[in-house]
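Below is one structure, written out as structure tokens; the observations come after it.
Just so you know, all these numbers are worked out from the coordinates, no wet-lab data involved. A quick note: this is a predicted structure, and the numbers were derived from the prediction, not measured. Neighbour counts are summed over all protein chains in view; Cβ atoms, including those assigned to glycine, are modelled from backbone coordinates with ideal geometry.
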Amino acid sequence: GAPAASAPPTPIAKVAPTPAPAAKAPAASAAPSASANGSYYLQAGAFRGQDDAESLKARIILLGLPVAVQKAEVNGKPINRVRVGPFARLDDMNRARGRLGENKIETAVVRQ
């Protein structure tokens, strides 16, 4: 009976450590995603025409903010998204959003 009694604790011992790292892993991965570098963008506009996107981009550059035009496809049609960022911290993003709002540029928050 001794070998049978010593056999079950071994799998239990192996199983017990497994949930602990698994439980820590989501928490560890959740923390960086909340404050991950460059995870937040402000979308200032989406245009069919490249010229409109570039025009808005130029206005935002004059405000001293990081901005780029990203080409994408929506419903099979090309679109040019004007995105400000990336922002590592929500504080930075909110400050930029306020600055854009003062200049009559409305934005939507985008996580990437």
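Taking the criterion of being assigned to a loop (DSSP other than H, G, I, E, B) and of a type in the set (S, T, N, Q), the residues of the stretch 37-77 that qualify are 37, 39, 75. Do we have any residue at all in the stretch 62-79 that's free of Cβ contacts under 8 Å to residues at least 40 places away in the same chain, of a type outside the set (Phe, Trp, Tyr) and in contact with a Leu (Cβ under 6 Å, 6 or more places away or on another chain)? No: the stretch 62-79 contains no residue that is free of Cβ contacts under 8 Å to residues at least 40 places away in the same chain, of a type outside the set (Phe, Trp, Tyr) and in contact with a Leu (Cβ under 6 Å, 6 or more places away or on another chain).
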